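What follows is one structure encoded as structure tokens, with my remarks underneath.
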């Protein structure tokens, strides 16, 4: 008998942003796997087994869940959207490298609200035109590739979301990345730091490329970098609205 | 007195993919604005005014909703996520160009599941690494800019989602765009056409860049283009899994 693995996007962190289908998938699971802090967001239930794991053991976690899903119904939780720098790719990789039996497991990915779209929603529409999402982590890719992508995106006029900007093991990458962007974009290009967006301890900072300070980012931060066309609308009694116009010049 | 405008992402189209916060915002509105077919997804209620409008009048629709929101609570519905080629940018633009009073209106954007992330979820994790989203519509930007962005994204190794690939008024752009990608990417690069994804009439087609046929796209289609590293896992009794590995070569 072959089972099923639901890979569930929990979004930014509050319950009102989890889709009803994602919640239903969690309820139907006999066991739930995930990075500890994400698993902690799921209400405890005595008849569900819980298998928390550490950060950065994605492939081991994927294999454990697939093993259990060979004969039962299992869920894997992911922050944000499972398909954006999260667990869906690790599960696919584990299937490709794993035993033939895992190719018979039904795998259902439940999309969620990813960090860049939560931050964009909080400030207006900074990703309102062509944009890209780049992880600044060089754990699994060489840093020169990150530099090349940042330069290409800036030159081509994409708005950008930067994931994984900084960590204890990667202290200088965000500063180096901002320097590359400064070589291609005006200093007044809007930059927004969103920390713990749509959670209780949310902090959003509006700045410019010239003034952006890497020290204001941590592991819970997503950055959005505007384009040369991105507008900031000052509002007397409310935070500014930031948007990238639908219309683009040649 | 200043009111409030909620810009609500309805996701792909079925109710189980609308976040509880988005649903609550719709219930709290005295009036709802939106493109007709999106408005039709919201359950009718006798005490709510409904203001459907045509496609391609985004700015007029935004102005009407902001006018009503000066003194009341109004919602604007959007397909997918309001921040991704949808209504949030048009509302911000209307605020910037509009009367000072509109800068006092509370504007709350409710994120939703955008088409590329719905399609990605249905097939694995094709956007599992750095990626970009590009609209092929040249209604509001010059076509040469689209070409430049496609070439830049392909050269830099981004996975891609293509929105607005084709319409009656824009019949040749997808074909021209695929030709540009063919100049920079291997012919076997995975290409996925997702039509009406996560709706009842969903159609998903797996092909390659060499074989991709523009005639298979329509106005309800989103395309995902893999990278040279994107993998396709054949499964005997299930559709293939497509993913872009987290690990990238130099």
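The values are calculated or read from the model by the stated rules, or taken from the named source; none is laboratory data. As the structure is a prediction and not an experimental result, all values here were calculated from the model. Positions of Cβ are generated from backbone atoms using ideal geometry, with glycine treated the same way; all protein chains shown enter the neighbour counts.
General remarks:
- Hits in segment A:139-162 (condition: touching a strand residue (DSSP E or B) at 6+ places or on another chain (Cβ under 7 Å) and part of a loop (DSSP other than H, G, I, E, B)): A:158
- Any chance residue B:58 is at negative phi, surrounded by 15 or more Cβ atoms within 10 Å (Cβ to Cβ) and modelled with pLDDT under 95: yes
- Selection within segment A:119-135 - more than 7 Å from every other protein chain (Cβ to nearest Cβ) and surrounded by fewer than 23 Cβ atoms within 10 Å (Cβ to Cβ): A:122
- Taken as a whole, the structure leaves residue A:46 outside the set of residues that are within 14 Å of chain B (Cβ to nearest Cβ) and either over 22 Å from the mean Cα position of the chain (by Cα) or modelled with pLDDT of 95 or more (or both).
- For residue A:82, the criteria (1) touching a residue at least 40 places away in the same chain (Cβ under 8 Å); (2) more than 8 Å from chain B (Cβ to nearest Cβ); (3) closer than 19 Å to residue B:241 by Cα hold in every case but one, which is (2).
Results for (1) in a loop (DSSP other than H, G, I, E, B); (2) farther than 30 Å from residue B:101 by Cα; (3) without any contact (Cβ under 8 Å) to a residue 40 or more places away in the chain, shown as yes or no for each residue.
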position	(1), (2), (3)
A:175	no, yes, yes
A:180	no, yes, yes
A:185	yes, yes, no
A:188	yes, no, yes
A:193	no, no, yes
A:197	yes, no, no
A:206	no, no, no
A:215	no, yes, yes
A:227	yes, no, no
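- Hey, residue A:90 closer than 24 Å to residue A:13 by Cβ, within 14 Å of chain B (Cβ to nearest Cβ) and in a helix (DSSP H, G or I) or not: yes
- The residue that is surrounded by the most Cβ atoms within 10 Å (Cβ to Cβ), among those in segment B:231-243 that are at the interface with chain A (Cβ under 7 Å from one of its Cβ atoms) and under 13 Å from residue B:159 (Cβ atoms), is B:243.
- Selected residue (criterion: farthest from the other protein chains (Cβ to nearest Cβ)) from residues of segment A:67-79 that are closer than 19 Å to residue B:126 by Cα and not in a loop (DSSP other than H, G, I, E, B): A:77
- Failed item in (1) over 29 Å from residue A:193 (Cα atoms); (2) facing another protein chain (nearest Cβ under 7 Å); (3) in contact with a helix residue (DSSP H, G or I) (Cβ under 9 Å, 6 or more places away or on another chain), with residue A:104 passing the rest: (3)
- Test: residue in segment B:25-35 that is surrounded by 15 or more Cβ atoms within 10 Å (Cβ to Cβ), within 14 Å of chain A (Cβ to nearest Cβ) and not in a loop (DSSP other than H, G, I, E, B): yes
- Among the residues making up segment B:154-168, those that are more than 7 Å from chain A (Cβ to nearest Cβ) and within 19 Å of the chain's Cα centre (by Cα) are B:159, B:160, B:161, B:162, B:163, B:164, B:165, B:166, B:167, B:168.
- Among residues that are surrounded by fewer than 21 Cβ atoms within 10 Å (Cβ to Cβ) and in a loop (DSSP other than H, G, I, E, B), residue A:50 is not included.
- Residue among B:22, B:64 that is in a helix (DSSP H, G or I), in contact with a strand residue (DSSP E or B) (Cβ under 7 Å, 6 or more places away or on another chain), surrounded by fewer than 21 Cβ atoms within 10 Å (Cβ to Cβ) and in contact (Cβ under 8 Å) with a residue 24 or more places away in the chain: B:64
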